[in-house]
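Read the figures in this text as sums done on the coordinates, not as results from a lab. Being a predicted model, the structure only gives us computed values, none of them experimental. Using ideal geometry, Cβ is built from the backbone for each residue, glycine included, and neighbour counts are taken over all protein chains shown.
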Amino acid sequence: MTKLLEMREVLQGFYGKYDLYIRPALRFVTALAAFLLINGSIGYMVRLKNPVVAIVLAAVCTFLPIGAAAVLGALMILVHLYALSLEVCAVCLLLMLLMFFMYYKLAPGNGYGTIWTPVLCHFQIPEIMPTVLGLSKEPYSVLSMVCGMILYYFLKGVRANEALLSVTDEENRLSKLTLVLNSIVGNQELYVTAAALVLSALLVYVIRRQSVKHAWSIAIGVGNGCNLALLLAGSFLLGKSERILGIILGTAAAVLIGLGMEFFLFHLDYTRTERVQFEDDEYYYYVKAVPKVLLPTKKKRVKQINKRKNSGISKKSLQEEFEIDEDLLDD
Amino acid sequence: MLNTERIRLMTRLAAYEQGEGKEYGRIGRYYRHDYVGLQMIKVFFCSTAAFLILLVLSVLYQMEDLERFLYQMDYEKFASGLLTRYILFVVFYQAAAWIVYSLRYRKGSKEQKLYHSRLKKVEKLYEREERQFPGDD
């Protein structure tokens, strides 16, 4: 445990020292993951599909807030969909505008949630999101996760029906719109997964805010247990038994990440809990203070083997310290 | 000579000014009712736009049955149903906006107070330094 604590101190020190570079690097990785995923799954515009374009755009996002990566990602999606079908592009634009007006106007600043949800959905491990959001964000941030999921399932529907959607046939124009919207409206998997993830994220948030011992561990356990039960039940009901292993692995990864976050952000020593009670003119205060587990910093001791003999204060050093002429010291 | 306390305070002030202070600075220019009211007006337009988009999407989704639907429709009932849904939608968003922006105003005012108290502290530290080392820039 001491080794782990030492490692944490070192990592925290490293982050504190280099956060000027770590934050942009994180933005770059997030943007690059999103852009490569978009190109890989719906790369219908050949010129934009080039990985160099994704890298250049991600490099641009490095110097901008994370919201810029979300906007650029949305533009990339629209351009790719335009290359496939104008109708699909228009529907996607309407969906994005709907998300903006319904959610992002009220709660801006959840770009990471929106971007990472589709990325994790692509790798079949969306179970990580509720733990991360519940432990680190406000409850309304779960809506950013829902927006990301809607976008993911919409694009999945487009990909599944790309042969039908790419046909430029005037007669089938209306059925195209129904088909592409049905990937959201008639998608029971989306409803079940979104409900399970939202519920478990809210559970994690509510429990970790409680004033009980090991609140974060309990939150991780209960939230992920609930998530696992709901997703497994949903898989059985929808007849998607091939997802079971993915759900179990995703939940295990979520628990590990949650415990890691707890270790770095909320590692407390409950054995030294103090309860104090005091009052002022207006209130009584019942305070519970739980100290963080910290390692005492080791002081570096320099042992001099051949100690230099001190020959007293020289004229030169006095002259340098007081910034005066050396001649003045002769008297 | 470097004054570490002043530097620490100034770093916090600069981080605040470049981050959340931008929005909270704007909040500080309004009274609570004005700020919340203005944001609620903005949210009214946003929720109206969102409702229209939802309407367009639902029409597009049922486009194939639209002709039959228009033929069989009771226009009066349809209009009253639509209006009721619109009102409920807008009222829900207005309530959400009132809660969100009231909380944001409260937090913003607190942060602004803290910001100004730190600013005063920095000013005092400057004055103290000026007294200790007059003419030293």
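The 3J(HN,Hα) values that the Karplus relation (6.51, -1.76, 1.60; θ = phi - 60°) gives for the range A:188-198 are, in residue order, 5, 4, 4, 4, 5, 5, 4, 4, 5, 5, 5 Hz. Gly and Pro appear as x. Comparing mean-square fluctuations of B:79, B:97, B:49 from a GNM of chain B with C-alpha springs under 10 Å, the top value falls on B:79.
Membrane-span-like helices in chain B (whole DSSP H runs, Cα extent of at least 27 Å along the helix axis, mean Kyte-Doolittle hydropathy of at least 0.5): B:32-61.
The angle separating the long axis of helix A:51-62 from the principal Cα axis of greatest extent in chain A is about 50 degrees. Between helix A:142-160 and chain A there is an angle of about 40 degrees, using the helix long axis and the longest principal axis of the Cα atoms. Summary of the geometry: the range B:6-46 and the range B:63-132, compared by the centres of their Cα atoms, lie 13 Å apart.
Here the Gaussian network model covers chain B, with springs between Cα atoms less than 10 Å apart; of B:61, B:86, B:105, B:61 fluctuates the most. With neighbours defined as other Cβ atoms within 10 Å of a residue's Cβ, the residues A:56, A:91 order from fewest to most as A:56, A:91. Evaluated with a Cβ-only charge set (Lys, Arg +1; Asp, Glu -1), chain A carries a dipole of roughly 1220 debye about its Cα centre, given to the nearest 20. The residue among A:167, A:131, A:246 whose Cα reaches farthest toward the positive pole of the charge dipole of the range A:111-267, with charges on the beta-carbon of Lys, Arg, Asp and Glu, is A:131. Going by amide H atoms built from the backbone, whose H comes under 5 Å of the H on residue A:268, apart from near neighbours? Those qualifying (amide H under 5 Å, at least 5 residues apart or on another chain) are A:293.
Think of the range B:4-129 as a dipole: +1 on every Lys or Arg Cβ, -1 on every Asp or Glu Cβ, centred on the Cα centre; then among B:19, B:61, B:80, B:19 lies furthest on the positive end. Spin-label model, residue B:129 to residue A:270: label points 7 Å out along the Cα-to-beta-carbon direction sit 4.7 nm apart. All other residues with a Cβ under 13 Å from the Cβ of residue B:93 taken together, and with Lys, Arg as +1 and Asp, Glu as -1, what is their net charge? That sum, taken over residues with Cβ under 13 Å, equals +3. Ordered by the number of other Cβ atoms lying within 10 Å of each residue's own Cβ, fewest first, A:27, B:128, B:6 fall into the sequence B:128, B:6, A:27. What shape does the range B:1-63 take by its C-alpha gyration tensor, where a ≥ b ≥ c are the square roots of the eigenvalues and a/c under 1.5 counts as rounded, a/b above b/c as prolate, and the rest as oblate? Note, shape of the range B:1-63 comes out oblate. When the C-alpha to C-alpha distance is required to be over 30 Å, the pairs from A:105/B:110; A:156/B:22; A:49/A:137; A:3/A:213 that qualify are A:156/B:22; A:49/A:137. Three semi-axes describe the equivalent ellipsoid of the range A:142-206; taken as square roots of 5 times the Cα gyration tensor eigenvalues and ordered largest first, they are 31, 9, 8 Å. Dividing the mean sequence gap of close Cα pairs (under 8 Å, 6+ apart) by how many residues chain A holds gives a relative contact order of 14 percent. All other residues whose Cβ lies under 10 angstrom from that of residue A:205 are scored, Lys and Arg at +1 and Asp and Glu at -1, for a net of +2. With the convex hull drawn over the C-alpha atoms of the range B:25-137, the volume per residue is 123 Å³. In the range A:111-267 the Cα-Cα distances spread across 5 Å bins starting at 0 as 2, 10, 18, 20, 18, 12, 8, 6, 4, 2, 1, 1, 0 percent of all pairs. Calculated on the alpha-carbon coordinates, the convex hull of the protein assembly as shown measures out at 276 cubic angstrom per residue.
What you get for chain B, charging only the Cβ of Lys and Arg (+1) and of Asp and Glu (-1), is a dipole of about 780 debye around the Cα centre. Shown is the FRET efficiency for residue B:109 and residue A:175, computed with R0 = 51 Å from the Cβ-Cβ distance and rounded to the nearest 0.05: 0.40.
Which residue, A:90, A:163, A:196, tops the fluctuation ranking in a GNM of chain A built on C-alpha contacts under 10 Å? In the Gaussian network model the winner is A:163. The phi-based Karplus calculation (6.51 cos²θ - 1.76 cosθ + 1.60; θ = phi - 60°) puts the 3J(HN,Hα) values of the range A:95-104 at 4, 5, 5, 4, 4, 4, 5, 7, 10, 5 Hz, whole numbers, x for Gly and Pro. Each of A:203, B:105, A:142 was placed along the dipole of the protein assembly as shown (beta-carbon charges, centred on the mean Cα), and the one lying farthest toward the positive end is A:203.
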